[in-house]
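Here is the structure we will look at, set down as structure tokens.
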Amino acid sequence: MTQMESLWRHGIKTGFIGAVTVVLLALIGMVEAFSQRDIIAGVISMGHALLLVIAIFMGYIAAKRTALSGIGSTLINSVVSGVIIAGSLVLLILLGSWVNLRSIFMNASPALYSLLTFGIEFKNGWTFLLLAGALCGLVAGLLYQSFPTFRRILITSLSSVIIAGVLQDMLRPTLSAWGPISVISDWLFSSNGLSLSGAITLCLVIAVILFIWFQKRDILRTRFSRLPSSGQRTLRMAGYVLLVGIFLVLPQVLGLFLSEVLTIVGLYVLLGLGLNIVVGYAGLLDLGYVAFFAIGAYVTAILTSPELGFFSLTFWQALPFAVILGLLSGVILGVPVLKMRGDYLAIATLGFGEIIRILVLSDFLRPWLGGAQGIGRIPKASIGGYEFATPQQIYYLILAGCAFVIFISLRLKDSRLGRAWKAMREDEDVAQAMGINLVATKLLAFATGAGFSALSGAIFASKLSSVYPHSFNVMISINILCLIIVGGMGSIPGVIVGAVALVGLPELLREFAEYRLLVYGAALVAMMLLRPEGLWPEVLHLRELQDAQSSSADSETPAPSGARI
Amino acid sequence: MAILSAEKMTKRFGGLLAIQELDIAIIENSIHSIIGPNGAGKTTFFNCVTGFYRPEEGRINFNSHNLVGLTPDRVVRLGIARTYQNIRLFPNLTALENILVGLHSHLKAGFFGIVVGLPSTRHEETEASKEAVRLLNFVRLEGKEDLLAKNLPYGDQRRLEIARALAARPKLLLLDEPTAGMNPRETQEMMDFIQHLRDALGITILLIEHQMRVVMGISETVTVLDYGKKIAEGTPDEIKSNPTVIEAYLGRGSAAEAR
Amino acid sequence: MKRTFILFTILALMIGIAATGAQAADAKDPIGVVTIKKGEPVHIAYWFVVAGENASLGTDTKRGVEIAIEDVGGKLLGHPIKLSGQDTGCNAEGGQAAATKLASDPTIIAAIGSNCSSEAKPGAPILWKAGITTVSPSNTAPYLTDPARGPEYEGYLRTAHNDKIQGAVAAQFAIKKLGVKKAATIHDGSVYAEQLQAVFAETFKKMGGTITSQEAVSTGSTDMRPVLTKIATGKPEFIYYPIFIAEGGHITRQAKEVAGLEKVSLMGADGIFSPDFYKAAGETAIGMYHSSPDFSAFAAGYKDFLAKHQKKYGEKPLAPFHAHAYDAAMMVLKAIEKVAVKGKDGSLTIGRKALRDALYATKGLKGLTGNITCNKLGDCADPRIAVYQTTADNVKKLEMPDKPFWKPY
Amino acid sequence: MLERLRERITPTDIVMWMIGGSLLVMIIWGSAATLLAGLYTPRHWLDFVIFGLAQGSVYALIAMGYTMVYGVLRMINFAHSEVFMSGPYTAYYVAAAFYRSGLLESHPVLCLLAIFMVSMFISSMIAFLLEKIAYRPLRNAPRLIPLITAIGASFFLQYVFRGLYGSGFQAYPVVKMLEGHWTFIGIRILRFQAVVIVAAALLLAALYSFIQMTRVGKAIRAVSEDKEAAYLMGIDVDKMISTTFIIGGMAAGAAGAFYGIMFKQVHFFMGFIPGIKAFTAAVLGGIGNIPGAMLGGIFLGLIESVGPSLFLDGLGIVAPYQLKDAIAFTMLVLVLIFRPTGILGERLAVKKA
């Protein structure tokens, strides 16, 4: 018996984790909400796909954990985990039929129970559910045992079908806006989800492409390395030119909504690059970074909007004022916090962010700042008659802004100033003992970051044509901080990747509204646990973190409090 | 000719007298050691010189500048650089970057110059890199430019820290226990290296040391502190035979030789 | 050299394709038609705030729409109704992004939303540019249906009450019916509340009353006793706080605890005219006044709605705008029914301009919030706003009063 | 002497003092103007103080959790606000059941105790799991990484509870025993406020003596001083960290139950603002410092209640209570300008060169 237990241990363990997950997902209403939409029309809904994916994934994990103990045990474990997951749902349904769970958990509705049994009556449904669970486990176990190449192709092509299904509302309009290509979209999608034929085709196409890629990959690589260095350089250059070209045509290709997403991502890239200087380079934890965003936006609004009637400059005339006032406010807000370290700095800056928001909201300053009603009728930017009005047009404005800011960041990174910031991040006292003027260096970091943020704010105001105090809450600061850490602290490409992941993806998933932030939160935790160095870390940081992990056994003494981040 | 001198310098921490009316003079181009039992105020003296602490009374003169009240970054610009008892490199910067930070006070590039990429800024940057590589070679760290400081072996870190201090082009170098944690062979190498430093660069070296072998081997003058007071000063031989010193060390049972 | 040439050719081609693609996208007349093939659904979208701290507002309106769709049997002219939605976050940038997303989907026929006026300001023009008409169940800012609003808001209508009407009714009630002379107001910094209290104060002063103080609280604050103590120093007889449930509940509960305010009359607006408010305020809500649309004409319909709501979601409505949302959805469905042209192959063709005009022509539609009749600026709410008084029985049963206490008309 | 003084002062100090000084002048000027205007009677001021104390006690209890976690892990536990929310939100269902069954009427004390127990239990369980799943694997990671995990966990928990219990409000039933007010020597005080202030004071005292006197408390302090040394001394560091989280969670759960009794409403977003306030309170008092957290909480509660009327009314600023949080944060900055490690200072001094 005990041996049995130990044989099944991993299966039971992973099964329980999976069980808790699926029951939670069911009770928070995710399964039911997702089942409204199909991934493949009439075949499988998103809710069911979610359950299946979890069951298969946990089965796979169970298999992986028992990989050393032979095929039989692997399969048993993954099947056990699948059965446990299904069993937990059966128990949930049973429990729900005895007591009224709904008086506490509002999503425990009869509709949910019927969904969980795939619409089959519970009398037969529970056996079906258990069988389905076992089957999922079996599939996972077999998958684990199959050839790696086959496995990768299968997983990738199936997940691309799922992704296409999840993003249907975005893909379909984008594709169908494209005259000739709209045929593809008609073939792929039915009114709710992918069409069955479309899904199969997509799956096959991806599988074939992957298969060819796996075959030819090495050949291409060796061919590239055999090229003379001048040839390699041309190819690389060509790559860059292509990249620039892609960036230039992107909004035309992507259509209205995706361009809008790109502009939002771009604004956050601007913000992220600014905060990257403050936090990533200089190590000053700033949680009130939104203050400068607000200052940029409000300065632009006050200077350009006819609604308040103080000034009516154009966007381009107002922009320098916005950026300069942003820089100045960076210095002014920087002075009081010069002597604070670590978390004291964090909370003091958080306070600044809130103070600015409360002030622009207040009735007290309403005659000058618009109060709760905000400021409207902010003109769009324009150059010689070309107006940056639609997302596709604003995109170029933001692209230019990003290019400018990336350029400055790159220049600063390996300069005397960048090194001074990094030295300060590492050890403030020693940095000072090496001749670095802490006051000036810190203030310069605050000012540069604030300037970038104000630039972003100015574009934001013009993009939105109106500013409201509610747009500048502390969550924005937190979001920016998250994106630079998730991207990889101190890394410029990291900021871009982080913005795409933490701002772009949630935008794409706007229709999953209620569950968007839940997934966002879970993803943040998972990301930090699995990849603490970030998605695209600075090369050196990557090495450092890996070192830290490999040597964590003989861990060093914890960092002296406060000083470091 | 004294390059650094303190007159009646006193430093208190609350009620505790860390240093009491200290008078000390360091002769230019000499190697001068400060010794004393733990808590005698040696490192506190370093911190007062480099501007981290501010003595309550007295003066510290360096080449006719009064150092009291200057911030550490101003002090280093005058020509005083230091190392630390427990190595304090910038762990996540490369060896080369550590040196370049040391060069900070001798570079002029400003925000504008960096962003615009002025020719003078670029020139300065390439020169700085060259000098940094030269310094790395000087401390026998050639080829380790791109390693993170924290990944270097212990001895390399010590030498890198010295090189970083040298990058500030000091006239006076303060070394806080440069041989701490080293085995006899490494210690000997470090002694040779310190002497070589003084001879090759013509600078003054003030060091805190616990290993009597080092102190007696390379210093020209030795000052002994105990409870914040100077109890003796002289050549190594004079100190060896000074009864007060022997009592301070042996009398309280913390024999110097034991360390 | 040759490679560079090839590359630039590719680049040029890409730009070319992009340009033609863009033309294809832009060539469409902003006021076009939507054709729904046989068996395909009629696609309606909502844009509400369903996440974040204001989520209950959006969830509530979303449910109103869902019940409306259920009430017509989930089908329209033989086609199923598909409802999709976007989260707006109750801020301008969220409204803009959500509207852009809706605008990019050509299958969407009409939209329902937004919740917060700040969302509609940038959002409604984007939708209208794509030919999508939107009906809001809870925007109350006067600007949106102001004659000066500009042509870009032509595709915008609402079933919620313009603040101008409601704020004035409250002031008339206080002076004419209660005969009070001194009043204080509280708002929470939202566009809605700030506007309502401003209109109230203006009307109240015009009619000869005195405003002792106009206070504000921040959203999320819980301890209202200090601000109420401050108000008490002005010795008002009447406090008007047209805010939302959370803060409204706190003020109602705490007002009676503050010395000097034991006898003061309390009044809120439709933002707290909901059973959830009775939960929040408890028995302290007894005797307080609300301004709200006159439900009495269709009381039975609303009771019926509540029963369906309870059955479907297992709880009472979360916020006050579900009925407006129900009416907005009904308006949209009725208008689509009116303008849709059936093809021989079972398809439907709906003209976007025709739909917009049909919506603006809505007249005498019997909704839960009264007679829905749109004026030429898109204000569709029944202008009959009445004042209700909460009784002990209401609080006990968590039911809204159904007989108006006072009517201005 | 004068020369020495001039030497000591850097330009930054001058600017900082100028900022601090001008804020102080504004505060004093505003207060004087308000007091001279005589709009408020001493009764009013007394009321303001009592309101502030009650609110401050809740802040202090939540701040305890922040400070204890900071003490042992040197991290800002952003998800602590969700720990605070989870307890009372769950305990609501217990309270509602008691209310429906009439037990709350007949045995109010027992019921209240049960509600507290449930709230504290749930909060401490959430805190325990949070540490185990989300923070423990990151113990040696750079400091910002657990912060991000905490933010993520905060979102996750918020929306899990929203999914479970819905996005609407629930309201705690009224406990008859705690309604109305008592009068002591002419001072009128609302009953539940009195109860909350007294109970919070007792709880805080109990917690403090637990940390100071008991074996476990000493072990926790040892861990917060130096994890490695504590480990070498035979202390199970992991267990102590878990214990810290559980205790912090219990304090948050208790605070949550008080909150439920005081303000009645519970919902999934209720933790956010008290969480930020409590965090501010912890920093105000000197983060890592337990008496500091109590002091910071009370101070913050008082400032929020008294501040707007006292400082701003006299300056003729309209709707001063809207600026309540701005005042609180300004006071925070002011305190930190003059005492960069909080009112009582950080317990574990930062070692300097």
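Details
- Note on the stretch A:136-289: the alpha carbon radius of gyration divided by the globular reference 2.2 N^0.38 Å gives 1.42.
- Kyte-Doolittle mean at least 0.0, axial Cα span of 20 Å or more - DSSP H helices of chain C: C:2-26, C:322-339
- Separation of alpha-carbon centers, the stretch A:460-497 and the stretch B:137-172, rounded to whole Å: 39
- Applying a 4.7 Å Cβ-Cβ cutoff to chain C leaves no cysteine without a disulfide-compatible partner.
- Low-density loop cleavage sites - trypsin sites (Lys or Arg not before Pro) in the stretch C:193-250, where at most 15 other Cβ are within 10 Å (DSSP): none
- D:Glu304, C:Glu257, reordered so the largest accessible area comes first (probe 1.4 Å): C:Glu257, D:Glu304
- Of D:Thr41, D:Thr149, D:Thr12, the one that fluctuates the most in a GNM where chain D has Cα springs shorter than 10 Å: D:Thr12
- The count of lysine pairs in chain A with alpha-carbon distances below 13 Å, taking only pairs 8 or more places apart or on different chains, stands at 5.
- GNM top mover of C:Arg63, C:Arg225, C:Arg356 - chain C, alpha-carbon springs below 10 Å: C:Arg225
- Viscosity 0.692 mPa s, 37 °C: Kirkwood-radius Stokes-Einstein D of the stretch A:447-547 over Cα pairs, µm²/s: 219
- Residues within the reach of a label modelled at B:Lys240 (point 7 angstrom out along Cα to beta-carbon, backbone nitrogen below 15 Å), restricted to the stretch B:190-221, are B:212-221.
- In this structure, the amide hydrogen of B:Asp226, modeled 1.01 Å from its nitrogen in the peptide plane, lies closer than 5 angstrom to those of B:Ile231, counting only residues at least 5 positions away or on a different chain.
- For the stretch B:145-237, the Stokes-Einstein estimate of translational diffusion at 10 °C and a viscosity of 1.306 mPa s comes to 110 µm²/s, using the Kirkwood hydrodynamic radius over alpha-carbon pairs.
- Scaled radius of gyration (Cα, divided by 2.2 N^0.38 Å) that the protein assembly as shown gives: 0.97
- In this label model, B:Ser5 and A:Thr149 are separated by 8.4 nm, measuring between points 7 Å along each Cα→Cβ vector.
- Inter-chain neighbour count for C:78-85: the average number of beta-carbon atoms from partner chains within 10 Å of each residue's beta-carbon is 2.
- Computed over chain C, the ratio Rg/Rh where both radii use C-alpha atoms and Rh is Kirkwood: 1.06
- Under 14 Å from a label point set 7 Å out along the Cα-to-Cβ vector of C:Asp402, the amide N atoms of the stretch C:360-378 belong to C:368-369.
- A quarter of the convex hull surface defined by the alpha-carbon atoms of chain A gives 33.4 nm² as the mean projection.
- Other-chain or far-sequence residues with amide H under 5 Å of C:His43's (modelled H): C:Lys82, C:Ile109
- Most mobile listed residue (D:Lys132, D:Lys239, D:Lys227) in chain D, GNM with C-alpha springs under 10 Å: D:Lys239
- Global size of chain D: 21.8, 78 Å for Rg and Dmax (C-alpha atoms, Rg to one decimal, Dmax whole).
- Over 28 Å (Cα to Cα) - which of C:Lys363/C:Lys397; C:Lys62/C:Lys353; C:Lys38/C:Lys353; C:Lys263/C:Lys407; D:Lys264/D:Lys324 fall in this group: C:Lys363/C:Lys397
- Using a cutoff of 8 angstrom between alpha carbon atoms and counting only pairs six or more residues apart, the relative contact order for chain B works out to 27 percent.
- 3J(HN,Hα) along the stretch B:17-23, derived from phi through the Karplus expression 6.51 cos²θ - 1.76 cosθ + 1.60 where θ = phi - 60°, amounts to 8, 7, 9, 10, 6, 7, 10 Hz, with x in place of Gly and Pro.
- Across peptide B:97-106, the mean count of Cβ atoms from other chains lying within 10 Å of each residue's own Cβ comes to 6.
- Taking N as its residue count, the alpha carbon Rg of the stretch D:194-353 over 2.2 N^0.38 Å: 1.20
- Fraction of beta bridges assigned by DSSP in chain C that are antiparallel (%, nearest 5): 35
- Share of pairwise Cα-Cα distances greater than 19 Å in the stretch A:156-209 is 20 percent (whole percent).
- The heavy atoms of D:Leu190 present about 20 square angstrom of accessible area, all protein chains included, probe 1.4 Å.
- Entry comment: accessible area of the protein assembly as shown is 38 Å² per residue, from protein heavy atoms only and a probe of 1.4 Å.
- 10 Å Cβ neighbours from other chains, averaged over peptide D:338-345: 2
- Separation in nanometres of the label points that stand 7 Å from Cα toward Cβ, at A:Ile219 and A:Ser114: 5.6
- As a calculated quantity, the FRET efficiency between A:Leu250 and D:Leu35 at R0 = 45 Å, using C-beta atoms, amounts to about 0.10.
- Cβ-Cβ FRET estimate between D:Val25 and D:Phe184, R0 fixed at 56 Å, reported to 0.05: 0.90
- Axial C-alpha extent at least 24 Å, average Kyte-Doolittle at least 1.6 - helices from chain A (DSSP): A:70-98, A:315-334
- From the largest down, the stretch C:22-180 spans 62, 37, 30 angstrom on the principal axes of its Cα atoms.
- Hull-based mean projected area of the stretch A:1-145, where the convex hull spans the alpha carbons, in square nanometres: 8.9
- A Förster radius of 51 Å, combined with the Cβ-Cβ distance separating A:Leu158 from D:Val237, puts the computed FRET efficiency at roughly 0.70.
- For the stretch A:251-481, the calculated P(r) over all alpha carbon pairs, in 10 Å bins from 0 to the bin holding the longest distance, is 9, 33, 34, 18, 6, 0 percent.
- Separation between Cα centres of the stretch C:237-290 and the stretch A:39-96, rounded to whole Å: 51
- Each label was represented as a point 7 Å from its Cα along the Cα-to-Cβ direction; for A:Leu505 and B:Leu118 these points are 4.5 nm apart.
The values are calculated or read from the model by the stated rules, or taken from the named source; none is laboratory data. Given the structure is predicted, the values throughout are model-derived calculations rather than measurements. Counting neighbours? That spans all protein chains shown, and the Cβs are built from the backbone with ideal geometry, glycine included. All accessible areas refer to the heavy atoms of the entire protein, side chains included, with ligands and DNA or RNA removed. Shrake-Rupley method; radii C 1.70, N 1.55, O 1.52, S 1.80 Å.
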